[in-house]
There are 2 protein chains.
Amino acid sequence: MFDFKVLYESDDTRARAGLLQTLHGAVETPVFMPVGTLATVKSLSPEELSSAGATIVLGNAYHLYLRPGCSVINRFAGLHKFMNWHRPILTDSGGFQVFSLAKLSRITEKGVAFQSHIDGSSHLLTPEKVIEIQICLGSDIMMCLDDCVQYPASRDVTDEALNLTSCWAQRCKEAWENNTQKENALFGIAQGGMFKDLREKSIDALLEIGFSGYAIGGLSVGEPKDVMFEISDFTLPKLPDTKPKYIMGVGTPEDLIELVSLGADMFDCVLPTRNARNGQLFTPFGTLNICNSRHRDDTDPIDPECNCYTCRNYSRAYLRHLYLAKELLAYRLNTIHNVYYYVNLMWNIRSAVCAGQFKDFKEAFYKKRGVIP
Amino acid sequence: MFDFKVLYESDDTRARAGLLQTLHGAVETPVFMPVGTLATVKSLSPEELSSAGATIVLGNAYHLYLRPGCSVINRFAGLHKFMNWHRPILTDSGGFQVFSLAKLSRITEKGVAFQSHIDGSSHLLTPEKVIEIQICLGSDIMMCLDDCVQYPASRDVTDEALNLTSCWAQRCKEAWENNTQKENALFGIAQGGMFKDLREKSIDALLEIGFSGYAIGGLSVGEPKDVMFEISDFTLPKLPDTKPKYIMGVGTPEDLIELVSLGADMFDCVLPTRNARNGQLFTPFGTLNICNSRHRDDTDPIDPECNCYTCRNYSRAYLRHLYLAKELLAYRLNTIHNVYYYVNLMWNIRSAVCAGQFKDFKEAFYKKRGVIP
């Protein structure tokens, strides 16, 4: 069922436009996937996600395993029905979350033992277990369990983590082969920190195993921006061009444009949703802070040229009022706008690639950044 | 422009079905008005309010005067455009809020001086000022400034407050006559606490002045339920039957049914919206607490017979999960259901009155209360 085709390639960059086919429908790439960690993209309904143009959302196996738990999701035969989202879902395995959220996590070759960040209960995530969880979730795209090191990390620590990641990837692949009809895809995750040779080693191991798609993990963990781009630039071409290439947890609108130029197809990031809840709104001109007193009696929408529900119906003054009054509607209206902005940006990037005008698009994009009208 | 007609009357109770006509459209009565204190019914969009069947919402002059302030609302020529709600709006004057929220409020014949509960700034609300604010808000139905006493209150204190309320009502009427085209209605508010003769005195004073509609204030302030019903039963028939009768700040579903029986036409209350945010959901069977562990893997909607957006799309298990995870969507989905329940209850009451079957409706209503299936 899972399939990926590259439809257009940019002449002067590595940008490409593709089509992912999954059990729950098609996804045009490059694509931004809004983050719906706990079976909800914070503050949005599924209809609002669709209206904003989202075609795939991200869930998180670690979070959903802990809460509400697989026994609950099983009653709904998966996440789609549980959360009322009937388009594709990609689930992260939770490797990253175990290290960043859980208490007292302890890694062995077997897997990672940890205590829940919610109630302190003890759990063991193994490669086999994360596949089992993601099967229960009914994910269209599952991710392998990986060991993501902090930044900075020594060469030795990074090497050890990537070896474990490779070993776990092999076991994930076997569990996936033995327990699924392979209708849902399994992606490998490359680690290797900021060391190019280790990135190459990680990718070689993944290619040996063979996956439906490949992700680059361990970026945007605190490293300087130019290092992130350098590692991406080095790593992306080493992934097979016939497969989708996913950069995890990145980034700003500028990051997305640059990473598409370098050949990336898929992205997820909490930036549009989290920043919305902090009153930071993305526009073609840059970021607008809705708290700013200049918007006190501003009758304009966030972006007069934006076609999102929020911009078509509400003023900056109203959004500022809601935000300062801590009204729940504020977080939703801001999130609708930011998700629309991200999804629409990817859509425009894709159109430019298809039309052979991606370079012009990039120039125009950067030219617009500046003072908000 | 403002008009009210009684269309049907119940034979065996004082229940009646009417039609309010305002500048922003018609409202069928008896009606429940969701509370939108700060230019938003907490967590809902205007479209969700409409879909839930709401035809009129309540705003609050005290709150909106303080935040965002009249200078902002003026830029939008009123509240309707500011909050994107184009149906009728009733605004409370803020008398009740000054006493319950403001710091150091001091009442004189002139008006009420107080410090803002937000920033401590000093303000003076006079009868003339509250009309000015409500004109700025573009309210379809404005309320007079009143002096609402606490419960319990002595006869002397209650009498003094009602005399001031009557005096302010006269000045509100004059300000309304001098400064509006009278397209928007002005309602008087009867006080008099739990003393029947004082209630009568208050009403006589209001009738002498003459208003487009009459409200009963100072109920549901902590008195026993039977006292609330006794005072309503005594007071409602003393209001002219040709005018809408509005009981402020009440109540539970049972309260609404009983007060309609006693002749009330209009209601507002934070109960459906506030309780929704506390996980308390109204159903024909009684109140369902979504946190209850029995709903952990419950695939049923809140009420299988309810047609609200929430019940048509989500399970109790999902709502419980969202609520326990403190996800913003929880508050919205719960509020949609509770507002729908209240609005639909009033709709069913009205249909029963129109069909001459209100008594049967009441019986059936009470019979259903019990164990949630």
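How many angstrom lie between the C-alpha centres of region A:1-36 and region B:253-280? Rounded to whole Å, the Cα centres lie 51 Å apart. Scanning chain B for the Cβ atom closest to the axis that brings B onto A yields residue and whole-Å distance B:Leu328, 3. Kirkwood's formula applied to the C-alpha pairs of the protein assembly as shown gives a hydrodynamic radius of 28.5 angstrom.
Could you work out, residue by residue across A:40-50, how many beta carbons of other chains sit within 10 Å of that residue's beta carbon, and then give the average as an integer? Mind dumping the intermediate values first?
Working: counts 9, 2, 3, 6, 3, 10, 3, 2, 2, 0, 0.
Average per residue, whole number: 4.
With the convex hull constructed from alpha-carbon coordinates only, region B:28-105 shows a mean projected area of 5.7 nm² over all directions.
At most 14 other Cβ atoms within 10 Å and a DSSP loop assignment: could you name the GluC sites (Glu not before Pro) in region A:170-210 that fit? The qualifying sites are A:Glu183. Rounded to two decimals, the Cα radius of gyration of region B:183-227 over 2.2 N^0.38 Å is 1.27.
Among all helices in chain B defined by DSSP H, which have a length of 30 Å or more along the axis from Cα atoms plus a Kyte-Doolittle mean of at least -1.0?
On the way: long enough: B:155-179 (35 Å, -1.05); B:328-354 (39 Å, 0.41).
In chain B, the long hydrophobic H runs are B:328-354.
Normalised size of region B:281-347, defined as Cα radius of gyration per 2.2 N^0.38 Å with N residues, equals 1.01. Ordered from highest to lowest accessible area with the whole protein assembly present and a 1.4 Å probe, A:Ser105, B:Ser232 read as A:Ser105, B:Ser232. Computed with a 1.4 Å probe over protein heavy atoms only, the accessible area of B:Tyr331 comes to about 40 Å². Note on the protein assembly as shown: dipole from Cβ charges, positive end direction compared against A:Cys148, B:Met1, A:Pro88; the farthest Cα belongs to A:Cys148. What is region B:1-155 by shape, rounded, prolate or oblate, if you read a ≥ b ≥ c off the alpha carbon gyration tensor as root eigenvalues and call it rounded for a/c under 1.5, prolate for a/b larger than b/c, and oblate otherwise? Here region B:1-155 falls in the oblate category. Packing-based ranking of B:157-165, A:139-147 yields A:139-147, B:157-165, ordered from highest to lowest mean Cβ neighbour count within 10 Å. Normalising the Debye intensity of region A:153-210 to I(0), with uniform scatterers on Cα atoms only, and taking log10 at q = 0.19, 0.29 Å⁻¹ returns -0.64, -1.12. The distance from the alpha carbon centre of region B:40-106 to that of region A:58-84 is 39 Å, rounded to a whole number.
Under the classification rounded if a/c is under 1.5, otherwise prolate if a/b is larger than b/c and oblate if not, where does region B:81-139 fall, given a ≥ b ≥ c as square roots of the Cα gyration tensor eigenvalues? Verdict is prolate for region B:81-139.
Roughly what % antiparallel, to the nearest 5, for the DSSP beta bridges in the protein assembly as shown?
On the way: 45 of 89 bridges.
The answer is about 50 percent antiparallel.
Taking the label point 7 Å along Cα→Cβ, A:Lys359 and its counterparts in the other copies are spaced 8.7 nm apart, in ascending order.
Equivalent-ellipsoid semi-axes for chain B (Cα gyration tensor, √(5λ), whole Å, largest first): 33, 24, 20.
Here the protein assembly as shown has 48 percent of its accessible surface on carbon and sulfur atoms, given a 1.4 Å probe and all protein chains in place. Only the Cβ atoms of Lys and Arg (+1) and of Asp and Glu (-1) were treated as charged; on that basis the dipole of region B:122-212 about its Cα centre amounts to roughly 100 debye. Computed about its Cα centre, the charge dipole of region A:140-274 is approximately 160 debye, with only Lys, Arg, Asp and Glu carrying charge at their Cβ.
Counting only DSSP beta bridges with both residues in chain B, the antiparallel share comes to about 50 percent. Per-residue mean of foreign Cβ neighbours for B:158-169 is 0 (Cβ atoms of other chains, 10 Å radius). Projecting the Cα atoms of B:Thr55, A:Leu137, A:Ala26 onto the dipole axis of the protein assembly as shown, where Lys and Arg carry +1 and Asp and Glu carry -1 at the beta carbon, places A:Leu137 farthest toward the positive end. Inter-copy label distances at B:Ala77, shortest first and taken from points set 7 Å along Cα to Cβ: 5.3 nm. The same position B:Arg155 in the other copies lies at 9.6 nm from this copy, comparing label points 7 Å beyond Cα toward the beta-carbon, shortest first.
Express in % the proportion of alpha carbon pairs of region B:228-308 at distances exceeding 21 Å. List each step's numbers first, then the result.
Working: 1404 of 3240 pairs.
So the portion of pairs separated by more than 21 Å is 43 percent.
Considering only beta bridges that DSSP places wholly inside region A:76-193, some 60 percent are antiparallel. Rounded to the nearest 500, the helix-only mean residue ellipticity at 222 nm of chain A stands at -12500 deg cm²/dmol, with each DSSP H run of n ≥ 4 adding -39,500 (n - 2.57).
The values are calculated or read from the model by the stated rules, or taken from the named source; none is laboratory data. Only a predicted model underlies this, so the values are computations on that prediction, with no experimental measurement involved. Positions of Cβ are generated from backbone atoms using ideal geometry, with glycine treated the same way; all protein chains shown enter the neighbour counts. We work out accessible area using only protein heavy atoms, side chains counted, and drop any ligands, DNA or RNA first. Shrake-Rupley method; radii C 1.70, N 1.55, O 1.52, S 1.80 Å.
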